[in-house]
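Asker: Below you'll find the structure I mean.
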Amino acid sequence: MKNINGSVVLALLLSLAAHSSFAQSWGPLNLEELKAETQRRADRNAPPIGGVKPEDAREAMAQLKTLEPDDWAAAWGGIGDRYFARAKEIEKTDPKEARELYYKAWDNFNVGRWPTERNSPGKMKVYLKALDAFRNYGRLLDPPLETVRIPFEGKEIVAYLRLPAGVRPAPLVFGINGLDSRKEDVIARVDSYLRAGIGVFAIDMPGTGEAPLLIDVGSERMFSRALDYLQTRQDIDAKRIVVQGRSWSGYWAALMAYTEKDRIRGAVVQGVGVHDYYSAEWQKKAFSSREYLFDMFPARAAVYGTKTMEEFLAFGPRLSLQARGFLDKPSAPMLLVNGERDTQQPISDLYLMMKHGDPKDTWVNPAGGHMGRSANWSSGAIADRVVRPWIFRTLGVAAAPEKK
């Protein structure tokens, strides 16, 4: 596996022993409930299983015998291996089909490492395979995927960039993954942006994927460094950049709206956790959420590098944007999006941001859960009807007709 951030991978591998106590902290579902809920989400194309073929989910769940993270990784990893091998076999004769097979391989490996690769050797193994599969997929795209490596404090920021054909310099969406997604998820399907003449930059948030540092006060400096780099690119319109955050990364998008207000056009804050989210009271409540498939605590603890519940609960409040004094400061325009019934991030944080500082555009689904999703408002519908139109307007770009 080439071009993978070796220093970050080594640090992650060394951290696995420290987090081994998370190995059986799954919840809130037992094994049979987990199998049924996983299949239900695959059948309905719902996160975090959305995109995986229902028959692949059925095969993986038939193999899953325990709640151990390594078993989850192995159940999906074998399916990914099969797709990857077939893609390699036919790449020279049928590159288009090989590209789609690499994507399917990545999709299965990606579910296998979910929600974090940092608490299990098996999950780390399939995560590395996911990176390899995705980069093979990316090089066969048109326009191709560019892997960007930005020097950062003796390490490097690894990110992806896709620019539309025939538009130079191109306006840009600066996309950040959430707690359990990765930069690969952010840039996997961005044709609607490319057709509109907009490029996409995708970066792992601190504490996830190949990010060079964990979450802490000041970790946003890695995003500022990425902006520095993007401003050196002659093929990017550095005066037309919108940041897009989803779930946990809504925090970073909001923070960048304050700290980088003069360098970005605006920020999408979809899933808003900026103050109450960090309280011990909310965290304890959220851990019982059945919106989240499993392992919420291990995933959230991993981004801080904390090892116990006590350490985790004590760490978060320092990150509050209210405690840090940002909420009443001038900001770039923001779009706040969430559901009134979100059990992962408190809706009170959206209203807190809305009532402080500069005016903000706001969309709340009264029946919506996390990210605003509900039976009548899927992730795709919210993206198509709320988020992307706002981004297009903010960048001054007309939406391209959907490809039939």
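Asker: Apply the a/c threshold of 1.5 to the C-alpha gyration tensor of the stretch 312-404 and tell me whether it is rounded, prolate or oblate.
Answerer: oblate
Asker: Run a plain Debye calculation on the chain (Cα atoms as equal point scatterers, no solvent) and give log10 I(q)/I(0) at q = 0.06, 0.10, 0.11 Å⁻¹, rounded to two decimals, same order as the q list.
Answerer: The Cα Debye sum returns log10 ratios of -0.21, -0.63, -0.78.
Asker: Another question, then. Along the stretch 198-214, what does the Karplus equation 6.51 cos²θ - 1.76 cosθ + 1.60 (θ = phi - 60°) give for ³J(HN,Hα), rounded to whole Hz, x for Gly and Pro?
Answerer: Each residue's phi maps through the Karplus curve to give 10, x, 10, 10, 10, 9, 6, 6, x, x, 10, x, 9, 4, x, 8, 8 Hz.
Asker: Mind jotting down the distance between the C-alpha centroids of the stretch 201-221 and the stretch 61-111, whole Å?
Answerer: 27 Å
Asker: Continuing with this model, one more query. What residues qualify as long-range amide H neighbours of Met334, i.e. H under 5 Å apart, gap of 5 or more or another chain, H built at 1.01 Å from N?
Answerer: HN-HN under 5 Å from Met334: Ala267, Asp361.
Asker: For Glu32 and Ser279, compute 0.36 nm times the residue count separating them, minus their Cα-Cα distance, and round to one decimal in nm.
Answerer: Stretched fully, the Glu32-Ser279 segment lengthens by 85.7 nm.
Asker: Compute a Gaussian network model of the chain, connecting alpha carbons closer than 10 Å, and tell me which residue from Arg149, Arg139, Arg233 fluctuates the most.
Answerer: In this elastic network of the chain, the residue with the biggest mean-square fluctuation among Arg149, Arg139, Arg233 is Arg233.
Asker: Given H placed 1.01 Å from N in the peptide plane, which residues other than close sequence neighbours of Gln244 have an amide H under 5 Å from its amide H?
Answerer: It is Phe174, Gly175, Ile176, Val268, by chain and number.
Asker: Another question about this same structure. Each residue of the stretch 291-308 in turn: what ³J(HN,Hα) in whole Hz from Karplus with 6.51, -1.76, 1.60 and θ = phi - 60°, glycine and Pro shown as x?
Answerer: 5, 8, 5, 5, 6, 5, 4, x, 5, 6, 5, 5, 5, 8, x, 7, 10, 10
Asker: In whole Å, how far is the Cα centre of the stretch 233-293 from that of the stretch 319-350?
Answerer: So the two Cα centres are separated by 8 Å.
Asker: What FRET efficiency comes out for Asp71 versus Ala323 if R0 is 41 angstrom and r is the Cβ-Cβ distance? Round to the nearest 0.05. If you can, show how the numbers build up before the last one.
Answerer: Values: r = 40 Å, r/R0 = 0.98.
According to the calculation, E is roughly 0.55.
Asker: Once both labels are modelled 7 Å past Cα along the beta-carbon direction, what's the Thr308-Glu91 spacing in nm?
Answerer: 4.8 nm
Asker: Turning to a different aspect of this structure: Report, for the chain, the % of DSSP beta bridges that are antiparallel, rounded to 5. Could the numbers behind the result be given before it?
Answerer: Working: 11 of 36 bridges.
So the antiparallel bridges amount to about 30 percent of the total.
Coordinate-derived values only; no laboratory data. For clarity, every value in this text was computed on a predicted model and none was experimentally measured. Every residue, glycine as well, gets a Cβ built from its backbone with ideal geometry; the counts of neighbours run over all protein chains shown.
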